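Trainee: Let me give you the structure first, and then I'll get to my questions.
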Amino acid sequence: MEKKADQVSVWCIVSMASIPLVMTLGNSMLIPVLPILEDKVGISSFQSSMIITSYSVAAIFLIPVAGYLSDRFGRKKVILPSLILALIGGLIAGFASWKMDDPFTMIIIGRVIQGIGAAGAMPIVLPLVGDLYQDDEEKASSCLGIIETSNTFGKVLSPILGSIFAAFLWFLPFFSISALSLISIVLIFFFVKVPKEKDEPVKFKEFFNNTKKVFKAEGKWLYTVFLNGVLVMLILFSMLFFLSENLEKVHDIKGIKKGFVLAIPLLLLCTASFISGRKIKGDIKTIRLVMLSCLAVMSIAVAFVGFTNKKIILLLAVTSIVGIAIGALLPALDAIITENIEKELRGTVTSFYSSARFIGVAAGPPIMSIVMKNFLNGSYIVAGVLGVILLFIVFKFIKENEIGNQTEKA
């Protein structure tokens, strides 16, 4: 017991929390810079959205592989090389922007490499927390809340840091991602002590059959959680992309000032995430109530985003409400999926969930770049309707007495 307490030191938690912080900054920090990129590189808003999407698409396909590798060989052995790839990707994108006349293709290549790194770093933190706190659900929930808060805090810092860095050099955000990745590498190497495995790693065939068994037994609620991950990230990143463009083109708010304005709904999202993570304590009944409440609030508020786009105070009020709902929902999703899957499959199953979240991240900006000119109001109404549909799915398939208890019956 004393050994386990030593393993989960404050610095261990800080080190784990650094990963979602760095990976979030690696993506979200570029959102306020996209209009500048469009001007400097000579690209359209759709092409600039690809700088976000290329990172996320790479992650979508490789996250499940990273999850399996972390279950097979260990969390730390996957996380460290992945962070190195994220560092290299940032350098490629940064040097291309600095030295090349037409850097767009190399920026995309660098972003893809970063996405590969993100695939093997951020999603593996969730099962790592589960490993470290496998006998204490309350502490696991609390730590997951810190991890998710770090993720959302990265979103708060992103527009501010991105705008400040770009004010010095427009391509500096790319290099800053590499510097932050290096800090995270050092922290993980020295401070994260993973519990030693007593058993031999499960062979692939047995592992595959066990995974199939889990999805067959627990599929209804797992797929419901995955759908939540897709929708909330789709709404969040499409909303952030729209806000970044809208603040410049409609309200003439640019540079560092825009970064601080963008941070307002994200700060409330971060605060809600921190409070939610501390309150849920691994209790399925509480998690279900949080999910239903947040989906209801998000669905109503998001439908009004388009209608408020020319009134800055109303726009920030509505997007802040959406942010609060999403912020409170995310730790509940992390907890329900991390604490109800057995350790041997935790990395793989949580990686599918992380992959689902990245689908939303990847789809949000390009969809918004297409619809915001002619279908802005309609697109947000559709998002609200999808939220209501998902609310009913949660009500039907997230049941206290069915989660985590079905695998043995399968």
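Read-outs throughout are calculated quantities, based only on the coordinates presented, and are distinct from any laboratory measurement. What you are looking at is a predicted structure, and each value in this text was computed from that prediction instead of being measured. Don't worry about glycine lacking a Cβ; one is built from the backbone with ideal geometry, like all the others, and counts go over all protein chains shown.
Trainee: On the basis of being under 21 Å from A363 (Cβ atoms) and hydrophobic (A, V, I, L, M, F, W, C), does A59 make the cut?
Mentor: Yes, satisfied.
Trainee: Additional query: With the condition being over 24 Å from the mean Cα position of the chain (by Cα), I'd like the helices (runs of 4 or more DSSP H) fully within the stretch 307-410 carrying at least 2 qualifying residues. Give the derivation first.
Mentor: Details: elements: 312-338, 343-371, 376-397.
Result: 312-338, 376-397.
Trainee: Please pick out the residue among D131, D136, D101 that is without any contact (Cβ under 8 Å) to a residue 60 or more places away in the chain and farther than 30 Å from L172 by Cα.
Mentor: D136 is the lone residue from the list that is without any contact (Cβ under 8 Å) to a residue 60 or more places away in the chain and farther than 30 Å from L172 by Cα.
Trainee: Then there is this: From the list S9, S28, which one is surrounded by fewer than 22 Cβ atoms within 10 Å (Cβ to Cβ) and not β-branched (V, I, T)?
Mentor: Matching residue, one of S9, S28: S9.
Trainee: Inspect all residues belonging to the stretch 45-66 and state whether any of them is over 24 Å from S369 (Cα atoms) and either small (G, A, S) or in a loop (DSSP other than H, G, I, E, B) (or both).
Mentor: yes
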